[in-house]
Structure formats: C-alpha cells, structure tokens
Ligand SMILES: Cc1ncc(COP(=O)(O)O)c(C=O)c1O
C-alpha cells in the first residue's frame, strides 16, 4: 500500500479554464504553455486533454518537446527559448518545432538552413524586448535585422514580445510596451503574439493572433493580489492525511529546532507530506490546511516528509483524516502569499514522488 498523499488533476477544470480564457479573446488562437511539466500538472496529461482545442503547445527548451512527441502529441510545439545549440535546428522538421528566436545567433542558424532549403521559411517566431530585458531583440534594431535576415522576416512571421508587468493591472508600463511593439510591427506583420494569461484578461489590446496561456489554464489567478475577479477552477489539489496525533502540554515545543512552543494544552496532527514533496520548507507558522474542510494551522518546521498542525480547535480529527494543502477549497494563492511566493512556484515544485491522480 502506498501513502495517501497525492495531487488530483481535474481535467474538466482544465477544459473549463481553457474555454474561459478563450472567451476573453475569441479571435485569437491560444498557445497552451506546458513547460515545466505543465506547471507541475503533467505536460502529457494536459496536452492530451486539450489537443482538440489547442492550436499549439509551448515549452521552454527542446528537451521538453521529446516527451510530448513520444506520447503522440502532433500539434506544433513552440520552443520559447529557441535553440540553445545549432544542432537542435536539425530537428525542426522531424519534431515539428516552432522556434521563438530571440538572439542574432539563432537568426543566423535558422536563416542559413532556410537558404540551404533544409527548413521552410514559414512558422518561425521572432521575439523582441519591450522592457522585460530578459530575452528578445531590440526594437530599434528592427530595420537592420529585417534587411539582414530576409529569409526569416516576412509578413507572416510571428513577431512576439513578453510583458514584464502584465500581472499588475494598474501598471501603465504594459500599455506603453504594447504600443511600442505595435508601432514597429503593426503595419509590417500580420501575425503577432503578446499576451500571457494576465494580459489576455486585463489588457485587451494585447490579445493578437496568438496568445500564450499558462497559469490561468491551471486554475490559478495570474494576479498576485487577485485584483481581477475571474472565474477559474483549480486543476491541482494537493492532498494528504493525518498519520499521527498527540496532545502536548503548554510549554512543550514541536518539530526540528523546537521553533514553536504551545501556549496551552494543544492537539498536534502530523501530516504525511513535506518539502521533499514540494511543500515549501519556509512555510511560516500559521500557514493553513484543511482537515476535512476545517482550518488547522502549521506549527513547527516543515520536515522532509511531514508537517505538523495545531488542530486543537477542530472537533473531529483522527488518524486518516483527509487534509487539503491547497486546491478547490483553499486557493493556492492564499498559501503562496503566506509563504512569500506565487502559485506558479508552488505548483511547479510538487515533486515526482507525489502521484498525480486524474479526475
Ligand atoms: C514567454 C512566455 N510566454 C507566456 C508564458 C505564460 O505565462 P502565464 O503562465 O502567466 O500565462 C510564459 C510563462 O512564463 C512565458 O515565459
């Protein structure tokens, strides 16, 4: 028998979120971002579930393509970091890869191959930097690049950018970035891609030919402070159970380093999940979890395989009581905020040893 700890992956919620996000921009096509194992939800699972709706999938680098192709996924796959090595370009056709080219070295590699008739001049994406300063060519170099890489730059090449502050709906920097990008591209290129989840929701002018949608599909608000109320359904629920219970007296402490001391007689529940499963080790005292739907608070340090909660105020807790760490009834962003991170990080960190159960 295995331990009960597992993550449920709700495929109906995934489909629902896809429809909800598509409704914000009905004339755009959606790239479903499945990098980092679909943010921990399972890249193959997500791609299989959405393959009849999604126009394209996106991963970060080529290694993430193989798993999807081995599983029989046939849609084009956008590789967001482009080729890291020239020899990766050889696999463009075989793996039906769409490269997001963001540095001149990559433009050279691909331009050369198009010239030699090894690959087609269609289907490439070129990324420009509009203020994120992480990846992308500079807008002021557009004319020179357009002249130097004629095989890549043509009217149907997808011109893309990624916004630094789309998750802050009040921040004017996003509109400025969109306008700068459009002032260079709008009359020259018919295919554009700007929006991620947040931009698709709160910046309608950024929804163009293609949106690149990740976190919202997995049911988590892309807005840290949930400023925009959107109806999304959590896809992942992280579950465990109580494996030990004890009463301790006032003055006794709990866990490694004895970092929490009971101020009164307390009931402590030990739960079978820890940082080796992806639960954040720096979760502070007071982080909530639901015990059969009732809130208990984390006490003591997070261990590798276990957590300890004060459940003194919960009427009925016993060995075997089911625990929700996050999911349908406890939003992942609530935990993320407590821990000082974002839902993206919590989801992607749920480790391999936590079985994913599809519902
Ligand atoms: C270039 C790019 N586009 C789109 C996305 C998807 O963003 P989100 O998950 O916020 O929708 C990401 C995610 O990090 C990204 O790096």
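The values are calculated or read from the model by the stated rules, or taken from the named source; none is laboratory data. Keep in mind that what you see is a predicted model, and the values were worked out from it rather than measured. Don't worry about glycine lacking a Cβ; one is built from the backbone with ideal geometry, like all the others, and counts go over all protein chains shown.
A compact table of results
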item: The listed residue being within 12 Å of the ligand (Cβ to nearest atom), surrounded by fewer than 18 Cβ atoms within 10 Å (Cβ to Cβ) and modelled with pLDDT of 95 or more, out of 144, 134; result: 134
item: Scope the range 138-158; condition assigned to a strand (DSSP E or B) and either outside the structural domain of residue 86 (by TED's automatic domain parsing) or more than 24 Å from the chain's Cα centre (by Cα) (or both); matching residues; result: 138
item: Criterion (in the same structural domain as residue 244 (by TED's automatic domain parsing) and either buried (at least 21 other Cβ atoms within 10 Å of the Cβ) or more than 26 Å from the chain's Cα centre (by Cα) (or both)) met by exactly one of 324, 315, 345; result: 315
item: Subset of the range 174-191 [assigned to a helix (DSSP H, G or I) and within 16 Å of the ligand (Cβ to nearest atom)]; result: 174, 177, 178, 181
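Residue by residue, here is whether (1) more than 13 Å from the ligand (Cβ to nearest atom); (2) under 16 Å from the mean Cα position of the chain (by Cα) holds:
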site	(1), (2)
10	yes, yes
13	yes, yes
23	yes, no
27	yes, no
39	no, yes
50	yes, yes
58	no, yes
